[in-house]
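The values are calculated or read from the model by the stated rules, or taken from the named source; none is laboratory data. This one's a predicted model, so the numbers in the text were calculated from it and none came from an experiment. Every residue, glycine among them, receives a Cβ derived from its backbone with ideal geometry; neighbour counts consider all protein chains shown.
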RNA sequence: GGCAGGGUAGCUCAGAGGUAGAGCAGUGCCUUCAUAAGGCAUGUGUCGUGGGUUCGAUCCCCACCCCUGCUACCA
């Protein structure tokens, strides 16, 4: 039994939870559940990022204090995650007093190590936005929102010596001391580290009031990104002493969308190196998807609410569809139409129908244990492919193993025609039905990380209680030993749509 | 512009120097235990374009076209 610590990014509370957030979070949940299933000691962290100018401004607009605004919006995330059965172990909020205190300690540590120094930040500032813009963001030299010429401002701030870590980062990533996946993303990071000279980054803001005060100079606040990254430590109970790390440290996998890879692959590891804290083992950046061919964005107004989709396909359906539809790591396109197609073919006609036909065949029958050698072998291969796929985060491959098993069982039923056997060969009938029930039991396990509710429904129809479910996974993976004594029927798992 | 990845059946993608595959959709047949579900059968695709290497390339090389990503500090 080993430990498994997985994180999602903390989501910025200014956004409403959307399908993109759900994608990352469901993926993390599947891994967390999978690792719990195989007996690992798991910690799954998610949460919300709650500081920064944008939040202060939207709170103002809504006539609330920033804290009220954060409380409200953070709760929305928790609510959505609950409705999607996200089994997080902690939901960290960066406005938690404990997070704030520990961040200050960590920053002090960096100051003591001489890795933070005082400097000047110079930039183009739009007074209306209360924001600096990089020259590239400007449109014809004007603020993209107000069409006004920004003013050149200089302010005091503190810098983190990011530049000191360029070589070591390059080496670590090259030697897999820090694994970045998928490969093309790793190449991007390497390309960046090889071609650009890393510059120190400003980590405090003078003009941002809604933030964690910089301990050495309270007129400044700590830049949100710097502070937010530390959630991965504070979220599992770190107290700020690099020599005393929580038992779950380091993260085994840190999941995120590709847009925030840079911070996680460069700035974050540099901070850890600076603090002399071990690096995460693997950083995985997944792709984006378009919805019906369109980029999802606020300005286009086509942000999809995951709850709305879950209402159509059920929470398990959404979880499954998200991960089945796009190879993890790549970009892809999804749509309601595609979801309907796959829901009907995989879940209604595939899994749902199979469960329903088997349970009906077994109804009111007394079935004794039998071991079908063929199935025993098949199940072994399926499990091995499935586990290999999940170890490499290829959710879609694990799912296609499940589908191929469903197809295999359907073929078996058609070949054996058990509905005829009741009259011709009662012994064979027993063996066939037992084999089918065992197959359902394995399916319930296989789908568990993806579709926990459906999995539980199948277990309970098979009369398998909780103790049975939580016993050693190696036992559960055997074929042809479990007794089925209390078979019951269940309503359609996935009604055809 | 530079760097990286990609262009394969209607759709999503896999593949590998020897004359192309899977799933879904479509079509035909069989079946009835099941959610009008299931099984079987079925693809003559210029494997982006033009050259080259080779006995032979879609898979190697060159050029070109197209698509996507990255090109930091978004305060």
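Name the pairs whose Cβ atoms lie under 8 Å apart, with the first residue in segment A:128-154 and closer than 17 Å to residue A:202 by Cβ and without any contact (Cβ under 8 Å) to a residue 12 or more places away in the chain, the second assigned to a loop (DSSP other than H, G, I, E, B) and within 12 Å of RNA strand B (Cβ to nearest atom), and 6 or more positions between them or separate chains? These pairs meet every condition: A:137/A:144. Restricting attention to segment A:24-53, the residues that are assigned to a helix (DSSP H, G or I) and within 21 Å of residue A:229 (Cβ to Cβ) total 7. Whether a residue is under 34 Å from the mean Cα position of the chain (by Cα), not assigned by TED's automatic domain parsing to the domain that holds residue A:222 and not in a loop (DSSP other than H, G, I, E, B) was assessed, and residue A:136 passes this test. Given the criterion assigned by TED's automatic domain parsing to the domain that holds residue A:410 and surrounded by 20 or more Cβ atoms within 10 Å (Cβ to Cβ), identify the matching residue among A:375, A:328, A:313. On inspection, the qualifying residue turns out to be A:375. When segment A:355-414 is limited to residues that are more than 15 Å from RNA strand B (Cβ to nearest atom) and outside any helix (DSSP H, G or I), the one that is modelled with the lowest pLDDT turns out to be A:366.
Restricting attention to segment A:198-226 and to residues that are near RNA strand B (Cβ under 8 Å from one of its atoms) and farther than 26 Å from residue A:254 by Cα, the residue that is surrounded by the most Cβ atoms within 10 Å (Cβ to Cβ) turns out to be A:205.
Yes or no, residue by residue, for (1) within 30 Å of residue A:284 (Cβ to Cβ); (2) within 35 Å of the chain's Cα centre (by Cα); (3) touching a residue at least 40 places away in the same chain (Cβ under 8 Å):
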position	(1), (2), (3)
A:388	yes, yes, no
A:405	yes, yes, yes
A:422	no, no, no
A:426	no, no, no
A:449	yes, yes, yes
A:455	yes, yes, no
A:463	no, yes, no
A:482	no, yes, yes
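Of all the residues in segment A:415-435, those that are in a helix (DSSP H, G or I) and within 9 Å of RNA strand B (Cβ to nearest atom) number 4. May I ask you to list the residues in segment A:135-164 that are exposed (fewer than 14 other Cβ atoms within 10 Å of the Cβ), within 11 Å of residue A:124 (Cα to Cα) and touching a helix residue (DSSP H, G or I) at 6+ places or on another chain (Cβ under 9 Å)? The one that is exposed (fewer than 14 other Cβ atoms within 10 Å of the Cβ), within 11 Å of residue A:124 (Cα to Cα) and touching a helix residue (DSSP H, G or I) at 6+ places or on another chain (Cβ under 9 Å): A:141.
Residues considered: A:282, A:295. Of these, the only one that is surrounded by fewer than 21 Cβ atoms within 10 Å (Cβ to Cβ), within 27 Å of residue A:191 (Cβ to Cβ) and not assigned by TED's automatic domain parsing to the domain that holds residue A:32 is A:295. Annotation: of all residues in segment A:190-216 being touching a strand residue (DSSP E or B) at 6+ places or on another chain (Cβ under 6 Å) and part of a loop (DSSP other than H, G, I, E, B), the one that is farthest from residue A:52 (Cα to Cα) is A:200. The set of residues from segment A:332-346 being surrounded by fewer than 21 Cβ atoms within 10 Å (Cβ to Cβ), in a helix (DSSP H, G or I) and touching a residue at least 24 places away in the same chain (Cβ under 8 Å) comprises A:336, A:337, A:340, A:344.
Every residue in segment A:157-195 that is near RNA strand B (Cβ under 9 Å from one of its atoms) and either modelled with pLDDT under 90 or closer than 21 Å to residue A:330 by Cα (or both), please.
A:183, A:184, A:185, A:187, A:188, A:189, A:190, A:191, A:192, A:194, A:195
Take residue A:289 and tell me if it is over 19 Å from the mean Cα position of the chain (by Cα), within 15 Å of RNA strand B (Cβ to nearest atom) and within 22 Å of residue A:395 (Cα to Cα). Criteria not met by residue A:289. The requirement of being part of a strand (DSSP E or B), surrounded by fewer than 17 Cβ atoms within 10 Å (Cβ to Cβ), in contact with a strand residue (DSSP E or B) (Cβ under 8 Å, 6 or more places away or on another chain) and assigned by TED's automatic domain parsing to the domain that holds residue A:56 is fulfilled somewhere in segment A:170-189, by at least one residue.
I need a count of the residues in segment A:116-133 that are closer than 27 Å to residue A:216 by Cα and near RNA strand B (Cβ under 10 Å from one of its atoms). Counting residues in segment A:116-133 that are closer than 27 Å to residue A:216 by Cα and near RNA strand B (Cβ under 10 Å from one of its atoms) gives 11. Filter segment A:228-264 down to the residues that are modelled with pLDDT under 95, touching a helix residue (DSSP H, G or I) at 6+ places or on another chain (Cβ under 7 Å) and part of a helix (DSSP H, G or I) and list them by number. Those that are modelled with pLDDT under 95, touching a helix residue (DSSP H, G or I) at 6+ places or on another chain (Cβ under 7 Å) and part of a helix (DSSP H, G or I): A:258, A:261, A:263.
Quick check on segment A:114-122. Is at least one of its residues farther than 23 Å from residue A:5 by Cβ, surrounded by fewer than 20 Cβ atoms within 10 Å (Cβ to Cβ) and at pLDDT 95 or above?
The answer is no; no qualifying residue exists.
Among the residues of this structure, residue A:78 counts as one that is surrounded by fewer than 19 Cβ atoms within 10 Å (Cβ to Cβ), part of a helix (DSSP H, G or I), touching a strand residue (DSSP E or B) at 6+ places or on another chain (Cβ under 9 Å) and in the same structural domain as residue A:15 (by TED's automatic domain parsing).
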